[in-house]
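The values are calculated or read from the model by the stated rules, or taken from the named source; none is laboratory data. The structure presented is a predicted model; accordingly, all values stated were derived computationally and were not measured. Note that each Cβ is placed from the backbone with ideal geometry, even for glycine, and that neighbours are counted across all protein chains shown. Please note that ligands, DNA and RNA were not included when accessible areas were found on the heavy atoms of the full protein model with its side chains. Shrake-Rupley method; radii C 1.70, N 1.55, O 1.52, S 1.80 Å.
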Amino acid sequence: MRPQDRLAVIQRCVVREMARLGQEFTADGEVVRGPGTVAVAVREHPGGEGAGHVDLGWALELGRADAPVLWDCAAGLGKTEEEKLENAVRMWATTTAAALVELREGRGAHADHADHAELPGWHAVQGPAAVFGFGNERLAAWLAGNRVVPALAPALLPALTGPHARRPHGVKLFLGGRSGDDVAEVRIDGEVSEAASAALRALDWPRGERLCWARLFVLLTAHGDPTAPPTAPAGAGGLAAARPAAVAAARPRGLFARWRQARRADR
């Protein structure tokens, strides 16, 4: 598939998947424009020809050179390259775009909100987790019952410093595989964090005899950041930012329910 054809497929899929999230996006040259100044950029994934990899960047303020762009990559399976790209964009939309849309709306409709004591000064917006493979119920249940982000906080905090410390940060977690052949990777702003990846691997998530994986995305915004989402109203499906971290961490099951509903709707 030629680069321009891949771009067309990816952009078409972005428009479709964002519509599922109630967002109107339209392809415009090299980007897909959304409401206000939001846009999704596409770039070629290194060595991605035919592999079904996509690199998507969520621009918060298109046209401003100093505005942050939250990049994430995803891979999809399928019999053809087009099918792989479609599934990759769907994976990105399910996990990453859901949190990014929630950043704008702050209603708790697409992702959950939490303030973790282990990440002082930071607000977490966590999108639904995509858990797939054989026996995925065990891994899904473990993720729903464990405080994964706070457990990684000591490894995450050093990356939240420096000249761009106050900007939003995207944290992607990918874990799974099988016993003796597992994988644990954490990317912060698109770059692999060896420390956070090692901390994720050290957690006691279930390793079975058959292949199973999970992917989730967490958006961290600094308190006082003007791009941070408003507090989610009570009863809106999310958690108010002001609620205690222990309460926020106890309620991730809604994420999996929303993902399962989305998957059933696709069938």
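Couple of notes before you dig in:
- Between Ala141 and Ala195, the contour length at 0.36 nm per residue exceeds the Cα-Cα span by 16.9 nm.
- Among residues other than Arg215 with Cβ under 13 Å from its Cβ, the summed charge is +1 (Lys and Arg +1, Asp and Glu -1).
- Charge sum, other residues only, whose C-beta stays under 10 Å from Ala153's C-beta, Lys/Arg counted +1 and Asp/Glu -1: 0
- Charge dipole (debye, nearest 20) of the range 1-124; +1 at Cβ of Lys and Arg, -1 at Cβ of Asp and Glu: 300 debye
- For the pair the range 30-75 and the range 122-141, the centres of their Cα atoms are 23 angstrom apart.
- Share of carbon and sulfur in the accessible heavy-atom surface of the range 5-68 [1.4 Å probe, %]: 52 percent
- Note on Glu44 and Glu24: their simple-model spin labels are 3.5 nm apart, each label 7 Å out from Cα toward Cβ.
- Solvent-accessible surface (1.4 Å probe) assigned to Phe134 amounts to roughly 120 Å².
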